[in-house]
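Asks: Below: one structure in structure tokens.
A short reminder: the numbers here are calculations on the coordinates, not readings from a lab. These numbers were taken from a predicted model, which means no experiment stands behind them. FYI the Cβ positions are ideal-geometry reconstructions off the backbone, even for glycines, and counts take in every protein chain you see.
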Amino acid sequence: MTDPVSLRPAKPNEIDALTDICLRSKAHWGYDVAFMEKSRDALTIKPERVQSGDVVVAELHGRPAGVAAIAPDEDGYEIEVFFVDPNAMGKGVGAHLFQALVSLAAKRGITQLTIASDPNAAAFYEKMGARPIGSVPSESMPGRRLPLLKVDIAKALQSNARKV
């Protein structure tokens with residue numbers, strides 16, 4: 001049986017559809033309308049990010065089911081975007097996306113990635129091998145703090161190789 005999840009670079013003409021996945025994924029966790037509106041800019045896939053080649057789309061049965069991206073930050077690189085369509089959660093899409101970002105980082109010579117995680121997603125990242133290193137202030141909600149995690153790329157690659 002073939003794997004129903006496939007990965008590919010994002011295309012400029014699908015920015016709106018990918019942003020919709022981000023918004024629906026975030027809303028899945030029960031955030032109210034005011035929170036979602038304050039988060040809209042952070043959840044919008046930007047054309048320049050797609051053009052950078054750092055945005056990965058996961059397709060499930062040929063349809064976009066998740067989107068993830070890495071980006072430079074003040075300390076190196078971070079997982080800037082990571083969202084799975086609520087209808088695709090629990091079907092391996094997130095694990096495929098995570099592995100794709102690890103591979104992309106390795107190809108770019110990046111040795112570690114940080115993640116300012118939604119509190120609802122921190123356990124997923126830990127399951128993927130990220131380790132908690134503290135917390136950071138939310139960009140969209142003053143007073144809110146987000147778990148901060150770090151991924152060691154070499155360790156993540158070794159872990160992925162053992163799973164294959």
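Asks: If each residue of separation counts as 0.36 nm, what is the full-extension length gain between Lys127 and His61 once their alpha-carbon separation is subtracted? Write down the numbers at each step before the final one.
Replies: Details: separation 66, 0.36 × 66 = 23.76 nm, distance 2.46 nm.
Once the chain is fully extended between Lys127 and His61, it gains 21.3 nm.
Asks: Hey, what did region 30-89 get for relative contact order, percent, Cα under 8 Å, at least 6 apart?
Replies: Numbers: 56 pairs, mean separation 13.0, N = 60.
About 22 percent, as a whole number.
Asks: Let me ask you something else. Provide the packing ranking of 32-42, 98-108, 121-131, i.e. peptides ordered by the mean count of other C-beta atoms within 10 Å per residue, highest first.
Replies: Working: 32-42: 12.7, 98-108: 19.5, 121-131: 17.1.
The densest-packed peptide leads the list: 98-108, 121-131, 32-42.
Asks: Give me the Kirkwood hydrodynamic radius of the chain in Å, from all C-alpha pairs, to one decimal place?
Replies: Details: mean 1/r = 0.0624 Å⁻¹.
Averaging 1/r across every pair of different Cα atoms and inverting gives 16.0 Å.
Asks: Would you be so kind as to identify all helices of the chain, as entire DSSP H runs, whose Cα atoms reach 20 Å or more along the helix's own axis and whose mean Kyte-Doolittle hydropathy is at least 0.5? Present the calculation step by step, with values, prior to reporting the outcome.
Replies: Numbers: long enough: 93-107 (21 Å, 1.20).
Membrane-span-like by this criterion, though nothing is claimed about a membrane: 93-107.
Asks: Assuming a ≥ b ≥ c are the square roots of the Cα gyration tensor eigenvalues, decide whether region 1-84 counts as rounded (a/c under 1.5), prolate (otherwise, with a/b larger than b/c) or oblate. Working shown, then result.
Replies: Values: a/c = 1.76, a/b = 1.17, b/c = 1.51.
Oblate is the answer for region 1-84, as a/c is 1.5 or above yet b/c matches or exceeds a/b.
Asks: For the chain, compute the number of Lys pairs whose alpha carbons are separated by less than 21 Å, excluding pairs fewer than 8 positions apart on the same chain.
Replies: 17
Asks: Next up: With a 10 Å radius around each residue's Cβ, average the other Cβ atoms per peptide and rank 80-90, 12-22, 133-143, highest first.
Replies: 80-90, 12-22, 133-143
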